Every structure is written in structure tokens, then in C-alpha cells.
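The values are calculated or read from the model by the stated rules, or taken from the named source; none is laboratory data. Everything quoted here is computed from the prediction, not taken from an experiment. Cβ placement follows ideal geometry from the backbone for every residue including glycine, while neighbour counts extend to all protein chains displayed. All accessible areas refer to the heavy atoms of the entire protein, side chains included, with ligands and DNA or RNA removed. Shrake-Rupley method; radii C 1.70, N 1.55, O 1.52, S 1.80 Å.
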Amino acid sequence: MSSIEHLQSPDAGLKKRIPFVKPTGESRSISLTTLTLGWASILIPTLGSIVLFISRGLDDFRKIAASINSAELWFIAATATALGLVAIVLGLATYKKVDTKKARNQSITGALLGLQALVLSGVIFAFNNTDATRFAQNFLNFPQVINQLHNFWSGAMYTIILATASAVFGLALGMALALLAVSQKKVLRAPARIYVNVVRGTPLLLQLSLIYFGMSLGLGINMGVFPALVLGLSLHVGAYASETLRAGLQSVEKGQLEAARGLGLTYGKSMRLVVIPQGFRRVIPPLMNEYIGLIKDTSLVAFLGVSLGQRDLFSVASQGYAQFFNSTFYIASGIAYLVITIPLIMVVTYLERRMRNGR
Amino acid sequence: MTLNNSSSKIAKTEAWPNNSWENTSEPLLSMQGIEKYFGKAHVLKGIDLECYRGEVIAIIGPSGSGKSTLLRCANLLEEPTTGNVIFKGKDITDIRVDINKVRTKMGIVFQSYNLFPHKKVFENITLALRNVLGIKKADALKEAEFELKRVGLGEKMDAYPSQLSGGQQQRVAIARALAMQPDMLLFDEVTAALDPELSGEVLQVIRGLAEEGSTMMIVTHEMGFAKEVASRVIFMDDGQIVEQGTPSQIFDDPKTSRLQKFLSQVL
Ligand SMILES: Nc1ncnc2c1ncn2[C@@H]1O[C@H](COP(=O)(O)OP(=O)(O)O)[C@@H](O)[C@H]1O
Ligand SMILES: [Mg+2]
């Protein structure tokens with residue numbers, strides 16, 4: 001409004017400028033304050049809790065329960081709530097008034113951090129208010145888990161080896177199926193289509209069971225646990241990979257194959273040298289996502305009742321739980337899965353961003 | 001630029017060495033009774049076309065008249081529904097003929113360049129030399145260098161296609177086709193995607209090839225260029241060859257009303 005008046009009458013505009021500019025300048029420093037408060041409101045409960053829990057000790061669930069129910073934790077949450085509220089109020093009050101984009105972003109970010117601090121404090125209050133002994137005994141009871149750390153290590157290794165071996169064979173199968181799927185000949189496309197749909201339309205656990213038990217009991221083929229699992233997982237992931245690869249191959253411009261054929265390359269060489277390298281590159285991120293999925297899917301082998309020597313990460317956890325009735329084993333395996341998957345997820349995100357920005 | 005040099009193109013025919021199989025009076029390429037359907041669409045309606053060594057044939061006509069399809073039928077990138085294509089005395093529509101071998105002798109260049117983006121410029125050229133002709137790496141490299149220099153891009157050996165302008169990419173595509181030492185070249189609107197400045201450098205390369213006596217079939221919408229470089233011009237409309245003749249016959253003295261109408265629209 002004032003800018004219109006300003007245009008219409010320079011004199012009126014000049015008068016209006018003084019009260020208009022003055023609060024803006026103040027608001028700018030308030031924006032910075034808001035941002036600082038927002039960060040404080042989120043960092044105090046996170047760092048504060050960590051320091052509190054570590055200083056009181058993590059080696060006994062009773063100590064952890066005492067920390068959860070402590071007055072200190074209540075005080076930390078209360079402080080965070082107060083700071084968060086102030087950040088929200090200040091942010092809402094200033095973000096429209098400031099005259100630079102940077103200041104507006106500071107106000108908004110500060111308020112949003114404050115909001116997150118409120119949610120976090122709410123969770124802390126909820127735990128702080130209940131008797132945490134049972135919870136800590138079941139979910140934050142580390143000593144037994146730490147005694148079995150070597151099992152988690154070997155379980156993680158088994159999971160990674162199982163997933164990687166299956167991914168390698170699955171990728172080969174997927175590429176073969178994808179090449180059939182992009183064929184001009186229906187008689188080649190049809191079997192690939194049928195296979196992919198059957199695999200996609202049935203549960204993995206059913207597929208694994210059929211292969212694992214069906215091979216030995218039904219067909220009398222004793223191929224050992226690990227090969228049977230790799231076979232089952234490869235057949236499964238191959239179907240999914242083939243869909244991804246097919247999309248990649250089909251995304252390569254038709255002119256590429258034509259140019260290759262026009263130079264006298266056979267269909268096979270054209271695919272191998274021109275189409276596949278381009279199509280494959282484009283679907284590396286989704287293929288990696290399928291690998292991440294495969295890492296998690298290996299947990300299903302726990303339901304096949306595999307022996308002690310061949311325990312994946314999840315089997316280690318569930319057998320630990322069965323032995324001690326301590327759910328902390330599950331928490332630990334969850335953390336172990338994250339340690340494996342988060343770096344892969346970050347690579348996928350990086351590759352996707354790089355591809356989006358060209359190249 | 002002028003019409004009088006067009007007749008000299010035909011004269012150059014005699015300069016080509018005789019291959020043992022070849023009777024000079026026989027056309028290098030002969031398309032006989034070519035019909036092409038895409039589903040129900042009747043795109044080529046009986047094309048008879050002969051191309052002799054040293055000839056530069058320009059194919060003109062409205063969009064959708066089947067020019068690209070005709071060119072693609074010549075090297076069987078598109079399979080004619082009926083009709084025969086005789087190349088170097090051999091019926092290449094016979095399914096027992098190794099079409100890949102034939103295609104090494106009949107280079108094609110597309111409107112959209114279709115360079116391989118994951119390969120460097122020199123690799124674009126050596127790919128088929130190595131994997132089709134089985135030429136040794138060092139020799140293929142030498143050949144790539146030679147052809148790139150020929151199209152004025154000797155310094156771009158190690159660039160990726162995406163680092164080149166459209167005109168440069170199209171010249172690489174021409175060099176890629178030339179490196180196979182084809183008996184004839186097919187050009188499909190190779191400058192249609194380029195702005196006038198860049199299309200000039202591509203046309204200059206083709207002009208040079210014409211002067212060297214290369215056999216070419218050029219689909220083009222650049223009438224001035226067709227007039228200047230072609231020894232024969234073919235006007236296509238609605239899947240048929242409506243009129244053909246020397247550039248002066250076609251451009252200065254069009255007989256059919258369809259050609260007259262087309263020329264009035266494009267000139
Ligand atoms: N692969 C194809 N499938 C179906 N129709 C096609 C295909 N290629 C070309 N056509 C059709 O054939 C006709 C002639 O196309 P084209 O040869 O590209 O003409 P021009 O090159 O003269 O513009 C057009 O109507 C086009 O839509
Ligand atoms: Mg065309």
C-alpha cells in the first residue's frame with residue numbers, strides 16, 4: 001500500500017518512509033535473535049540429553065531410567081519449550097516486516113526450529129512423566145547386547161555378503177530380462193513379462209520358502225543354505241532390476257540405436273556398446289535403491305530358521321531377544337542396518353542431484 | 001552457387017575406378033517398386049529410383065511426404081513392405097544378405113546428429129571402425145584424426161559431443177560416416193536443427209564432398225543448396241516421386257502444379 005502512495009506522491013512517500021523503515025531495521029536484528037533462539041531451543045535438548053545420559057552412565061538400565069525421570073531432563077525440556085515458544089513468537093512477528101530476504105529466512109527458520117523444539121520437548125516430557133524403568137530395561141539395556149557385539153559384526157557381514165552376491169546375480173538376470181523385454185519380438189518379450197509379473201505379484205518370503213524348502217524337500221537338491229538364499233534373492237531382485245533396467249534402456253533415444261545400426265553394427269553390438277552403457281548409467285540410483293532394499297530384505301531369512309553359523313543381522317537380534325527377552329537387541333540391529341544403509345542412501349542422493357543438474 | 005557446375009557432377013562419374021563386379025552403366029543403388037506401410041498408413045507408394053556413382057541427388061518435398069522413410073529404406077533401417085533395393089548389383093532386401101556389411105558401405109547422417117554422448121569425439125568415429133571393420137586401434141585413431149581434419153575439427157578429438165556446437169556435432173557425424181569409406185552417403189535434413197550460421201559450416205563440408213565426386217542422396221529443405229550442389233533433384237509428394245530432373249529443370253521450369261505450388265511456398 002505504502003509503495004503505491006509513494007509512487008503517487010513523493011512528498012507523502014517521504015513522510016511515510018520514516019515510520020516504515022525504522023521498525024524494519026530493528027526487525028532485522030530480531031530476525032537474527034530468532035534464528036539464534038531457534039537453534040538454541042533445538043540444540044539444548046539434544047546435546048543436553050546426550051551429556052546428561054552419558055554423564056549418568058549407560059552401562060545399567062537403572063541409571064538410564066533415572067536419567068529419563070530426572071529433574072534435570074525436565075529442566076532441559078522446559079528450557080527448550082520456553083526458547084522454542086519465544087522463537088516462534090518472534091519469528092511470526094517479524095518475518096513479514098523485515099526488508100531483506102536473508103532476514104526473512106532467518107525469522108522463518110528460527111520459528112520452524114522452535115516448532116521442532118516443541119515437538120521434541122513434548123516427547124521428552126512424556127517419557128519424563130512415566131516410570132521409565134520397564135522401558136529402559138527392555139529397550140535400553142545395553143550390557144547383554146555389548147557382550148554379543150561380535151555376533152552383530154558377523155551378522156552384518158553375512159547380511160552384506162548375502163545381499164551383494166544376490167545383487168550381482170540379480171543384476172545379470174535383470175539385464176537379461178530387460179534385453180528380452182525391449183525386444184521387437186513378442187515371443188521373446190512374453191516370457192520376460194510373465195516371469196517379472198509372477199515374481200512381483202508374490203511375497204518374497206513365499207519365494208524364499210519355496211526355493212529353500214522346495215529345493216531340498218521337494219526336489220531332493222541339497223544345495224546348502226547360503227546358495228539357496230542367494231538363488232532366491234537373486235531371482236527376486238532380478239525381476240525388479242529388469243523393470244528398472246528396461247526403463248533405462250527405453251529412455252535412450254531411438255536415434256542412438258539407429259545411428260549404431262546405420263554404421264553397420266549388429267543389434268547385439270549396438271546394444272552392448274551404445275544403448276546399454278547409456279541406459280545403465282541413468283538407472284544407477286534406482287538400482288542402488290534396490291540394493292538397499294535387498295539389504296533389508298535379507299532379514300526375511302530369519303523366518304526360514306537358519307542355523308547359528310549363518311545368521312544375518314536380524315537373526316542375531318531376534319535370537320538375542322529370544323535368549324534374554326531384551327528388545328535392545330532389535331534397537332541395536334536397527335542401528336546396524338542404518339550404519340550400512342545411510343551411506344548408500346547418501347550416495348544415491350548425491351548421484352540423483354548430480355544427474356538432475358546435468359551430466 | 002551457379003547452376004552450370006551441376007552438370008560436371010555427372011561427368012565425374014567416369015573418374016571413379018571400376019570395381020570388378022561393377023558395370024559402370026549399372027546404378028550404384030537402385031530402388032524398385034518400393035512401397036511402405038506403417039500399419040494402415042501408406043507412406044511410400046511405389047518408388048523407383050536409381051542413383052549412379054558420382055551423382056548427388058537432392059530430395060525435396062513437403063514435410064510428411066516420405067523423404068526420410070525413402071532414405072531409411074535405402075539402407076533398410078526401415079524395411080520396405082514391398083519392392084527391392086539393389087546396391088552394388090546385389091539385392092539387399094534378400095534376407096540372406098548381411099545387411100550390416102551393406103550399411104558400412106552406405107553411410108547415413110541424421111537431422112539430430114545422434115552422436116554417442118558417452119563417447120569422446122574420436123571414439124564416436126573409431127567405434128564402428130574397430131567393432132565392425134576390425135581395424136586396429138592405432139589405424140582407427142589415425143583414420144578418425146584424418147576425417148576430423150577433413151571436416152575442420154582436428155582439434156576436437158578428445159571433446160565430448162555435449163561440449164560441441166550443433167554444427168560441430170553434425171560435422172563429427174559426417175566424419176563418422178566418412179570414416180567407414182562408404183560408397184555412398186545418405187543425408188536426412190542434416191541442417192534442419194541448426195541456425196543458418198551453423199548450417200553454413202555443415203553445408204560447406206557437404207559441398208566439399210560433392211566436389212570430390214562423392215555419391216550422395218541428400219534430403220534437404222535448403223532449396224538454394226539443392227540447386228547448387230545437386231546433379232539431380234527429386235520432388236516427392238504424398239509418398240511418390242512427382243517430378244525429377246536437373247536443378248534448373250526443377251527450380252526454373254517446374255512442370256507439375258504440385259511442384260509449382262511447393263516451390264511457391266518454400267522459395
Ligand atoms: N515409424 C513410423 N511409424 C508410423 N508412421 C511413420 C513412421 N515414420 C514415419 N511415419 C509417417 O510416414 C509419413 C512420412 O514420414 P517421413 O518419411 O518422415 O516424411 P518426411 O521425411 O518427408 O517429412 C508421415 O506421415 C509419418 O507420420
Ligand atoms: Mg524427414
Problem set entry | Number of positions in the stretch B:161-181 that are away from chain A (no Cβ under 14 Å) and of a type in the set (K, R) | 1
Problem set entry | Hits in the stretch B:98-136 - residues which are open to solvent by less than 60 Å² (accessible area, probe 1.4 Å), more than 16 Å from ligand 2 (Cβ to nearest atom) and under 16 Å from B:L185 (Cβ atoms) | B:V102, B:R103, B:T104, B:M106, B:G107, B:I125, B:A128
Exercise. Which one is surrounded by the fewest Cβ atoms within 10 Å (Cβ to Cβ) among residues in the stretch A:266-323 that are of a type in the set (V, I, T), at pLDDT 95 or above and over 27 Å from the mean Cα position of the chain (by Cα)?
Worked result: A:T266
Problem set entry | Residue check for B:G46: more than 13 Å from ligand 2 (Cβ to nearest atom) and in contact with an Asp or Glu (Cβ under 7 Å, 6 or more places away or on another chain) | yes
For this session: Would you confirm whether any residue within the stretch B:140-160 is outside any helix (DSSP H, G or I), out of contact with any Gly (no Cβ under 7 Å at 6 or more places or on another chain), within 13 Å of another protein chain (Cβ to nearest Cβ) and open to solvent by 40 Å² or more (accessible area, probe 1.4 Å)?
Result: yes
For this session: State which residue pairs qualify: first residue more than 10 Å from chain A (Cβ to nearest Cβ) and inside the stretch B:118-138, second residue of a type in the set (G, A, S) in any location, beta carbons under 7 Å apart, and separation of 6 or more residues or different chains.
Result: B:K120/B:A159; B:V121/B:A159; B:F122/B:A144; B:T126/B:A140; B:T126/B:A144
For this session: Might you let me know whether the stretch A:152-159 holds any residue that is within 30 Å of A:S251 (Cβ to Cβ), open to solvent by 50 Å² or more (accessible area, probe 1.4 Å) and not assigned by TED's automatic domain parsing to the domain that holds A:I30?
Result: no
Exercise. Do we find a residue being surrounded by fewer than 17 Cβ atoms within 10 Å (Cβ to Cβ) and not small (G, A, S) anywhere in the stretch A:252-262?
Worked result: yes
Exercise. All but one of (1) away from chain A (no Cβ under 14 Å); (2) over 22 Å from B:S165 (Cβ atoms); (3) within 16 Å of ligand 2 (Cβ to nearest atom) hold for B:I218; which doesn't?
Worked result: (2)
Seminar exercise, completed: A careful count of residues in the stretch A:321-353 that are within 12 Å of A:Q144 (Cα to Cα) and aliphatic (A, V, I, L, M) gives 1
For this session: Search the stretch B:210-234 for residues that are among the charged types (D, E, K, R) and pair each with any residue that is outside any strand (DSSP E or B) when their beta-carbon atoms are under 6 Å apart and the residues are at least 6 apart or on different chains.
Result: B:K227/B:P247; B:K227/B:F251; B:E228/B:M1
Exercise. In the stretch A:225-250, what residues are of a type in the set (G, A, S) and open to solvent by less than 40 Å² (accessible area, probe 1.4 Å)?
Worked result: A:A228, A:G232, A:S234, A:G238, A:A239, A:A241, A:S242, A:G248
For this session: List the number of the failed condition for A:Q207; all other conditions in (1) open to solvent by less than 50 Å² (accessible area, probe 1.4 Å); (2) in contact with a Ser or Thr (Cβ under 8 Å, 6 or more places away or on another chain) hold.
Result: (2)
For this session: Show the residue pairs that are 6+ apart or on different chains and have beta-carbon atoms under 7 Å apart, the first residue being within the stretch B:61-73 and under 11 Å from B:I108 (Cβ atoms) and within 14 Å of chain A (Cβ to nearest Cβ), the second being within 6 Å of ligand 1 (Cβ to nearest atom) and not in a loop (DSSP other than H, G, I, E, B).
Result: none
Seminar exercise, completed: Here the qualifying pairs (Cβ atoms under 8 Å; residues six or more apart or on different chains; first in the stretch B:182-198 and more than 14 Å from chain A (Cβ to nearest Cβ); second modelled with pLDDT of 95 or more and within 14 Å of ligand 1 (Cβ to nearest atom)) come out as B:T191/B:T220
Exercise. Of these, A:S242, A:S251, A:S234, which one is polar (S, T, N, Q), over 17 Å from B:G107 (Cβ atoms) and within 13 Å of chain B (Cβ to nearest Cβ)?
Worked result: A:S251
Exercise. Out of the stretch B:74-97, which residues are within 16 Å of ligand 2 (Cβ to nearest atom) and in contact (Cβ under 8 Å) with a residue 40 or more places away in the chain?
Worked result: B:A74, B:N75, B:E78
For this session: Return the total of residues in the stretch B:50-88 being more than 14 Å from ligand 1 (Cβ to nearest atom), surrounded by fewer than 21 Cβ atoms within 10 Å (Cβ to Cβ) and more than 15 Å from the chain's Cα centre (by Cα).
Result: 5
Seminar exercise, completed: Residue hits (the stretch B:212-232; more than 13 Å from the chain's Cα centre (by Cα), within 16 Å of ligand 1 (Cβ to nearest atom) and open to solvent by less than 40 Å² (accessible area, probe 1.4 Å)) are B:M223
Exercise. Based on what the data block shows, is A:N289 in a loop (DSSP other than H, G, I, E, B) and either away from every other protein chain (no Cβ under 14 Å) or out of contact with any Ser or Thr (no Cβ under 6 Å at 6 or more places or on another chain) (or both)?
Worked result: no
